[in-house]
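Only one structure is covered here, and it is reproduced in the block below.
The values are calculated or read from the model by the stated rules, or taken from the named source; none is laboratory data. Note that this is a predicted model, so its numbers are computed, not measured. Cβ placement follows ideal geometry from the backbone for every residue including glycine, while neighbour counts extend to all protein chains displayed.
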């Protein structure tokens, strides 16, 4: 992976984490209608002076064998709490079957899906994005004035960089938060298998497909 791509992914991860943190935090607030009325809520007994607050009940620990954790790491982008819980609930065979045959709908948190759906690359057909850029590139190459041509080339490159940022943001959010981890991992594998970095100066040296 090239250095520019790594920087784009790091930026996308920070952006996605910031947006998700804000969205998840607001989503966890109890709506006013669900809060008990002060008149109906029983009064809490006063705590004795100097008493320490009772510790919150801990969630039961999910215990997986080293072999199970290694298996999850092999199939996914890394074991986390939600994946481990699903694995423990379904068992290895049923969990793998679900990974091999994901449903038609994305199993993503609402906050992550909202960020992805807000990206222009997710709301516009690829032809509406690619054709204007191709025309812009052709028109730029025909500009005789060097300064004007340089300005248009910079604008074209900025447009490409923005599309790359959106693609990296979408990819990273899906890799981090999708429950269908095997699909996301295989998408990344085949994307890299059939693509070459635009930073490579001598693409003719690549093996042709």
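See the values below:
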quantity	calculated
All helices (runs of 4 or more DSSP H) inside the range 116-196 with 3 or more residues being closer than 21 Å to residue 78 by Cα and in contact (Cβ under 8 Å) with a residue 24 or more places away in the chain	146-177, 181-193
Flag for residue 196 being surrounded by fewer than 18 Cβ atoms within 10 Å (Cβ to Cβ), under 18 Å from residue 113 (Cα atoms) and either under 11 Å from the mean Cα position of the chain (by Cα) or at pLDDT below 85 (or both)	no
Residues within the range 65-96 that are touching a helix residue (DSSP H, G or I) at 6+ places or on another chain (Cβ under 6 Å) and outside any helix (DSSP H, G or I), tallied	3
Selection from the range 104-115 of residues that are surrounded by fewer than 16 Cβ atoms within 10 Å (Cβ to Cβ), in a loop (DSSP other than H, G, I, E, B) and either at positive phi or in contact (Cβ under 8 Å) with a residue 40 or more places away in the chain (or both)	107
